[in-house]
Each structure stands twice: as structure tokens, then as C-alpha cells.
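Notes for the one structure printed next.
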């Protein structure tokens with residue numbers, strides 16, 4: 001059994017290892033490509049402040065937030081002190097897997113996102129060689145102590161919150177070796193896996209858009225002749241009301257003279 005005291009004490013430290021670096025390179029490439037095509041003004045990254053996954057974004061305001069040291073804003077991800085409908089883009093890199101209440105985080109993200117705002121999530125795929133390593137191996141060390149969330153389950157959560165999936169992909173098809181030389185030897189599995197067993201990548205990415213259904217009132221076009229036939233008394237009432245209003249106006253005018 002590996003000694004966690006000699007390994008990474010956090011997900012950020014694990015990304016600095018050869019195994020984590022293999023994943024980080026692929027995550028950075030996906031985030032760089034995806035966020036560059038999302039437009040707006042305000043972008044937020046929840047977690048992993050050591051890795052600037054927003055570096056390719058064109059939005060003027062970009063910052064990281066979370067409960068770890070190094071974030072621009074220290075906060076609880078389940079209770080975001082951010083105004084509702086104020087963010088255009090939110091990145092959630094592996095934040096859900098290491099949270100006690102991932103549903104609440106998603107609810108908070110939905111609240112702060114503007115209509116048509118984008119949410120980009122990265123997570124470990126439990127239906128992969130990496131998920132098998134977690135199921136059969138030691139779960140005390142990072143990242144195996146996280147709660148890997150299956151992609152269909154995550155999609156169901158997002159659908160309940162009104163999100164629409166706009167894109168995504170899998171990556172990291174090589175087995176979760178700890179040494180770089182073995183990861184390099186199995187680099188051929190990236191292209192092969194993306195083609196032959198695409199849903200079995202060690203990590204997945206999901207791009208979702210917040211949809212808000214609007215309502216437009218359609219006023220009926222009344223048939224004036226039909227209304228007069230159905231309500232023959234209405235014109236007479238209108239004439240009496242008009243006459244009374246005219247008398248009242250003339251009386252008030254004489255009073256103030």
C-alpha cells in the first residue's frame with residue numbers, strides 16, 4: 001500500500017507528478033481551445049489556481065476562486081458570494097469530484113451564470129482504466145480519493161438545472177502509470193482510443209450552456225363587429241360613461257375659475 005505522506009497531498013501537487021502532468025497537458029490543450037471561442041466579459045475558474053485554464057480567454061475579467069490558497073478569491077464553492085446572472089463563463093476543473101456537495105456547486109454555478117452563459121467541466125471517468133485503478137487500488141491518495149462522477153449522471157444533473165450540452169470529449173487513454181517512460185510508450189493509445197473506444201478515456205470534458213426559456217405575450221386581434229353583436233349594451237355604457245366624464249370635467253373647471 002503506498003504511503004500518501006510520500007505522495008501528493010492535494011490535486012494541485014498531483015498535477016506536478018509525471019502521472020498528473022500527463023493529464024494536465026491534455027486538460028490545458030482542451031481548455032485553451034474551448035475558452036478562446038466563448039465570448040463575454042466575466043470568466044471564473046473554480047479551483048486549481050496554479051493552472052491558468054483561462055489564459056486563452058478573451059474576456060476582460062478572468063479570475064480564480066476556491067477554498068485553496070493561491071486563489072484570487074477565497075470562498076466556499078457551494079456558497080458563491082457572487083451576484084446572480086453576472087458571469088459569462090465558469091470553469092469547473094475536477095471541483096465536483098472532491099466536494100461533499102457537488103449538486104449545490106452546480107446550483108450555485110447556474111445561479112451566477114447569465115442566460116446563454118457557458119459552463120465547462122473536467123472530471124475523471126469512472127468507466128476507464130483510470131476508474132478501474134480507483135476501484136481496485138488504494139483510495140487514500142490523490143486523485144483516487146475523489147468521488148469520480150459518471151458522465152451520464154453528470155448530464156442528468158445539468159439537464160435538471162436547465163443546461164444544454166454543447167460539446168465535449170474524452171482524453172488520457174493510456175493506463176495510469178506513475179512513470180513517464182511508461183506513459184510515453186503507450187502514447188499511441190491516444191489516437192487509437194479517440195477512434196476506437198472514445199468513451200473510455202481517463203478524463204472527460206463537458207461544455208454546457210445555460211438555457212432560459214422566455215415568454216412572449218401574443219395579444220388577440222378582436223373582431224369589433226363580433227364584440228358589438230355579443231355585447232350590444234357595451235356601446236351604450238361607453239357613451240354614458242363618456243357623458244358623465246364630460247360633465248365632471250366641466251364642473252371641475254367651473255369650480256376652479
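Give the residues of segment 33-70 that are part of a helix (DSSP H, G or I) and loosely packed, with under 15 Cβ neighbours inside 10 Å, sorted by residue number.
If we filter segment 33-70 for residues that are part of a helix (DSSP H, G or I), which is where we start, we get 33-35.
If the condition is that a residue be part of a helix (DSSP H, G or I) and loosely packed, with under 15 Cβ neighbours inside 10 Å, then 33 is the only one that fits.
Looking only at segment 127-140, count how many residues are part of a loop (DSSP other than H, G, I, E, B) and crowded, with 19+ Cβ neighbours inside 10 Å.
1
Taking the conditions exactly as written (under 14 Å from the mean Cα position of the chain (by Cα) and not in a helix (DSSP H, G or I)), does residue 158 satisfy them or not? Talk me through it step by step, then tell me what you get.
Values: under 14 Å from the mean Cα position of the chain (by Cα): yes; not in a helix (DSSP H, G or I): no.
Considered against the rule, which asks whether it is under 14 Å from the mean Cα position of the chain (by Cα) and not in a helix (DSSP H, G or I), residue 158 comes out as no.
Scan (1) assigned to a helix (DSSP H, G or I); (2) under 25 Å from residue 141 (Cα atoms); (3) free of Cβ contacts under 8 Å to residues at least 60 places away in the same chain for the single condition residue 78 breaks and write down its number.
For residue 78, the exception is condition (1).
When you go through (1) touching a helix residue (DSSP H, G or I) at 6+ places or on another chain (Cβ under 8 Å); (2) over 24 Å from residue 50 (Cα atoms); (3) surrounded by fewer than 18 Cβ atoms within 10 Å (Cβ to Cβ) one by one for residue 98, which number turns out not to apply?
It fails just one condition, (2).
Would you mention how many residues in segment 75-84 are closer than 16 Å to residue 40 by Cβ and either surrounded by fewer than 14 Cβ atoms within 10 Å (Cβ to Cβ) or at pLDDT 95 or above (or both)?
2
Find the residue count for segment 192-210, including only residues that are in contact with a helix residue (DSSP H, G or I) (Cβ under 7 Å, 6 or more places away or on another chain), farther than 15 Å from residue 151 by Cβ and assigned to a helix (DSSP H, G or I).
At the first step, the residues of segment 192-210 found to be in contact with a helix residue (DSSP H, G or I) (Cβ under 7 Å, 6 or more places away or on another chain) are 193, 200-208, 210.
Going one step further and asking which of them are farther than 15 Å from residue 151 by Cβ, we end up with 193, 210.
Filter again for assigned to a helix (DSSP H, G or I), leaving 193.
Adding up the residues that qualify gives 1.
For segment 18-32, state whether one or more residues are touching a residue at least 40 places away in the same chain (Cβ under 8 Å), within 30 Å of residue 140 (Cβ to Cβ) and assigned to a loop (DSSP other than H, G, I, E, B).
No: segment 18-32 contains no residue that is touching a residue at least 40 places away in the same chain (Cβ under 8 Å), within 30 Å of residue 140 (Cβ to Cβ) and assigned to a loop (DSSP other than H, G, I, E, B).
Against the conditions (1) over 15 Å from the mean Cα position of the chain (by Cα); (2) surrounded by fewer than 19 Cβ atoms within 10 Å (Cβ to Cβ); (3) farther than 23 Å from residue 38 by Cα, where does residue 153 fall short? Just the number, please.
(1)
Conditions tested, residue by residue: (1) in the same structural domain as residue 119 (by TED's automatic domain parsing); (2) modelled with pLDDT under 95; (3) closer than 26 Å to residue 150 by Cβ.
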| site | (1), (2), (3) |
| --- | --- |
| 11 | yes, yes, yes |
| 42 | yes, no, no |
| 48 | yes, yes, yes |
| 58 | yes, yes, no |
| 73 | yes, yes, no |
| 90 | yes, no, yes |
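Failed condition for residue 143, given (1) under 17 Å from the mean Cα position of the chain (by Cα); (2) crowded, with 19+ Cβ neighbours inside 10 Å; (3) part of a loop (DSSP other than H, G, I, E, B), with all others met?
(1)
Can you find, within segment 172-186, the residue that is farthest from the chain's Cα centre (by Cα) among those that are part of a helix (DSSP H, G or I) and surrounded by 14 or more Cβ atoms within 10 Å (Cβ to Cβ)? Full working, then the answer.
From segment 172-186, those part of a helix (DSSP H, G or I) are 180-185; that's our starting set.
Then drop every residue that is not surrounded by 14 or more Cβ atoms within 10 Å (Cβ to Cβ), which leaves 182-183.
Working: 182: 35, 183: 31 Å.
Per the stated criteria, the residue is 182.
The values are calculated or read from the model by the stated rules, or taken from the named source; none is laboratory data. Note that the structure is a prediction, hence the values are computed from the model and not measured. Cβ: placed from backbone, ideal geometry, glycine included. Neighbour counts: every protein chain shown.
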